[in-house]
Amino acid sequence: MFKVVMRYPDGSSEEQDEIFETEQEAENYGLEQCSNYSLGGEVLHMSNPGDYPLEDEDADFEIVEING
């Protein structure tokens, strides 16, 4: 069983609640979350560029194996 830990450009991290049977499922989820993070940043930037500048770095993720 696997979990995804998101790593953000500001140095923070967040362990996701979802549990996956396979590493591939976890990887697909992590990639989707990175895409969502990037898209969310773009939307915030378009709504108010002064308060939400575009970030130079993207979010990343790590897959961790857990005992289930």
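Two-decimal Rg/Rh of the chain from alpha-carbon positions, Kirkwood Rh? Show your work: numbers first, answer last.
Values: Rg = 13.8 Å, Rh = 12.9 Å.
So for the chain, dividing Rg by the Kirkwood Rh gives 1.07.
Quick check for you: with a 1.4 Å probe and neighbouring chains kept, what is the accessible area per residue of segment 1-64, in Å²?
With the other protein chains kept in place, segment 1-64 gives 70 Å² per residue.
Relative to the longest principal axis of the C-alpha atoms of the chain, give the angle of the C-alpha long axis of helix 23-47, reported between 0 and 90° and rounded to the nearest 10°.
For 23-47 against the chain, the angle is about 10 degrees.
Which value at 222 nm does the chain reach when only helices count, each DSSP H run of 4 or more adding -39,500 (n - 2.57), with the total divided by all residues and rounded to the nearest 500 deg cm²/dmol? Each step should come with its number before you reach the end.
On the way: 1 runs with 25 residues, N = 68.
Per the formula, -13000 deg cm²/dmol.
In whole percent, what relative contact order does the chain give with Cα contacts below 8 Å and a gap of six or more residues?
Values: 96 pairs, mean separation 31.8, N = 68.
Taking the mean separation of contacting Cα pairs over the length of the chain, I get 47 percent.
Within the accessible area of the chain, what % is carbon and sulfur when the probe is 1.4 Å and the other protein chains stay in place? Please list the in-between numbers first.
Details: 2200 of 4930 Å².
Carbon with sulfur: 45 percent of the solvent-accessible area.
The values are calculated or read from the model by the stated rules, or taken from the named source; none is laboratory data. In this text, all values refer to a predicted model and were calculated from it rather than measured experimentally. Calculation scope for accessible area: heavy atoms of the full protein, side chains included, ligands and nucleic acids excluded. Shrake-Rupley method; radii C 1.70, N 1.55, O 1.52, S 1.80 Å.
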